Amino acid sequence: MEMKPLTRVILGLVCLLVAIWLVAPTLVVVPMSFNENKSLAFPPQGFSWQWYQNFFTNPDWSSSFLNSLKVASVVAVLATVLGTLAAFGLDRMKAGPASLLRMLMLTPMVVPGVVLAIGIYAVYLDTHLVGTMLGFVLAHTILALPFVLIAVSASLEVFDRRLETAAASLGAGALTAFRTVTLPLILPGMLSGLLFAFATSFDEIVVSLFIANPYLKTLPVQIFSSITRDADPTVAAVGTILLFATTILIGGGMLLLGRERKGRP
Amino acid sequence: MSAHEPTTPSAPKRAGWAWRPFALTLPALVLLAAVIGYPLLTIVLRSLSEPQWGAQNYVWFFGAPINLTVLQRTFTISAWVTIVCVICAYPYAYLMTAVGPRVRLVLVLCVLIPFWVSGVVRTLSWVILLQDSGVINSLLRAAGFDGIRLIRTQTGVVIGMAQVLLPFMILPLYSVMKGIDLRLMRAAQSLGARPSRAFFTVYLPLSLPGVYAGAIIVFILALGFYITPALLGGPRSTMLSTLVQTQVLSLLQWGRGGAMGVVLLVTTFVLLALAAPVMRSRYREAGRS
């Protein structure tokens, strides 16, 4: 659309401000993590690595980090398997029941976190699942399931089912057809579902706060309790480590994806 | 997938196809029933049965002024967050459609980067930025605005929540705006409309489905926010979620906490149900024109 130069300048400025507002808070933790004093006052004073050291040596931090990794890995696999199966089922169902079931399976996304949290907490208290790996895995899997379902359903939507018929007509059994034709084509959807599931679990805080106990907590729970307890810059160090880890992962993923796309005929 | 492949001839195999899609969804449905359905049912039952059977917890909830204040505040804060998001996202999403691919990539990255660090860490950043000795207050003081408090106020909560929720506004808006044919604007202008008039009579109505979709998502997510108000807010900016948590964890009042949770849950679903047909028809309209 044609714009006056003045409108264009104002639009650019507004968007610049919005972009800063979006990104700046993400980066604030980086300078904070090298603070010499045990305080979260900005700007930080001096330079030290002690908070990174603390993260790797203090068992509170390192064990919660390992717990998060463990839970998220299991959740990623479990949610991807369940979500892929469900996506297939819905894809091959009649439209009516399929859309009803799909809506049902997406509810974890819209149920307010705290409501779900007290519900799960109530049930876990009765079944002794508070503070257990199994408890975390079950709760996180159901929260991650919608993301897998959406990702795999999207790739099934563009999948041409006649390819399976073609494979069958050439003598492939259902399993062979699935493994050699269907699976490679929906793999990108499954992988992005896997990634989303991992991230959802790794990041989940509200339900985790309720079902954690002093013996078993995940990283976000540890971060939250650290923020509410005192001004410990270790939190900033953790934030910085996570930021860099994700940047490397996403950067690597984008590079891989770009190469794959170029490689395709 | 075909572990249960029957080895019988093709006729019974075909008959098996009718139930097989449902069987594939079964594991997910069982888990859903166990980890979402049963807990929510438990909460509804507890809200009606503790300490004894009856609607006493709901009577208490709607009878105590403090609860109504918090309920109203939850709606007010969510509305403000939604308004801030619409105002900030609209020009941003528009710019995303108007620039070249390189600048667009940068703009998209700016939207996605906040997702790269965990939600808790992002809220921590806001605690750092908004605290009384923080950057924003220092800037304000330098500009002559002294004594403005941000942390533990409603304004602080809105600023933090809007930043977290902005991507949920920008992305649907962008996907709608991307589909708007800019030649329509040129047509309007060639017929004598000034740019502002062409914008308000042509572009804005066409982009409204994106605004509705984004606003509904942001509002619903904001209603249930827990972490950001808990860390950035104070006693005067408590939202419903925090109240639920206090009732259950600190006061062990499962009935009252459950009733609050049910109110929050029902509100969310009513809003979704109200929004769904509106959004669907608006999308269809946008598709037609």
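Listing A:Thr246, A:Thr176 from fewest to most neighbouring C-beta atoms within 10 Å gives A:Thr176, A:Thr246. In plain terms, the bigger the Kirkwood radius, the slower the diffusion; for chain A, with that radius from Cα pairs, at 37 °C and 0.692 mPa s, Stokes-Einstein puts D at 151 µm²/s. Kirkwood hydrodynamic radius of the range A:136-265, from the reciprocal of the average inverse Cα-Cα distance over all distinct pairs: 17.9 Å. Residue by residue along B:247-258, Cβ atoms of other protein chains within 10 Å of the local Cβ number 2 on average.
Dividing the helix sum by the residues of chain B, where each DSSP H run of 4 or more adds -39500 (n - 2.57), gives a mean residue ellipticity at 222 nm of -23500 deg cm²/dmol. Take the alpha carbon atoms of the range A:130-144, find their center, do the same for the range B:104-150, and report the distance between the two centers in whole angstrom. About 32 Å separates the Cα centre of the range A:130-144 from the one of the range B:104-150. Count Lys and Arg as plus one, Asp and Glu as minus one, and take only other residues whose Cβ is under 13 Å from that of A:Ala167; the net charge is then +1.
Put simply, when B:229-237, A:111-119 are sorted by average Cβ atoms within 10 angstrom per residue, most first, you get A:111-119, B:229-237. Each of A:Met133, B:Met177 was scored by other Cβ atoms within 10 Å of its Cβ. Listed from fewest to most, they are A:Met133, B:Met177. Derived from the Cα gyration tensor, the three semi-axes of the equivalent ellipsoid of the range A:165-235 are 47, 12, 7 Å, largest first.
One Cα centroid belongs to the range B:220-239, the other to the range B:45-94; the line between them spans 11 Å.
Counting neighbouring Cβ atoms within 10 Å and putting the fewest first, the residues B:Leu139, B:Leu240 line up as B:Leu139, B:Leu240. What separates the Cα centres of the range A:167-192 and the range A:20-62 is a distance of 47 Å. Karplus-based coupling profile of the range A:202-208, in residue order and whole Hz: 5, 9, 5, 10, 5, 4, 4, with θ = phi - 60° in 6.51 cos²θ - 1.76 cosθ + 1.60 and x standing for Gly or Pro. Peptide A:23-35 shows a mean partner chain C-beta count of 5 within 10 Å per residue C-beta.
For the peptide B:183-195, the mean number of other protein chain Cβ atoms found within 10 angstrom of a residue's Cβ is 1.
Given all pairs of different Cα atoms, what value in angstroms does the Kirkwood hydrodynamic radius of the protein assembly as shown take? Don't jump to the answer; show the numbers that get you there.
On the way: mean 1/r = 0.0389 Å⁻¹.
For the protein assembly as shown, inverting the mean 1/r across all distinct Cα pairs yields 25.7 Å.
Taking N as the residue count of the range B:56-288, its C-alpha radius of gyration divided by 2.2 N^0.38 Å amounts to 1.19. Only Cα pairs under 8 Å and 6+ residues apart enter the sum, and on that basis the relative contact order of chain A stands at 30 percent. Per DSSP helix of 4 or more residues, -39500 (n - 2.57); summed, then divided by the residues of chain A. What does that give at 222 nm, rounded to the nearest 500? Calculated from helices alone, the mean residue ellipticity at 222 nm is -25500 deg cm²/dmol.
Each value in this text was obtained by applying a stated rule to the coordinates, not by laboratory testing. Remember, it's a predicted structure, so these values are computed and weren't measured experimentally. No Cβ is skipped: glycine too gets one built from the backbone with ideal geometry, and neighbour counts run over all protein chains shown.
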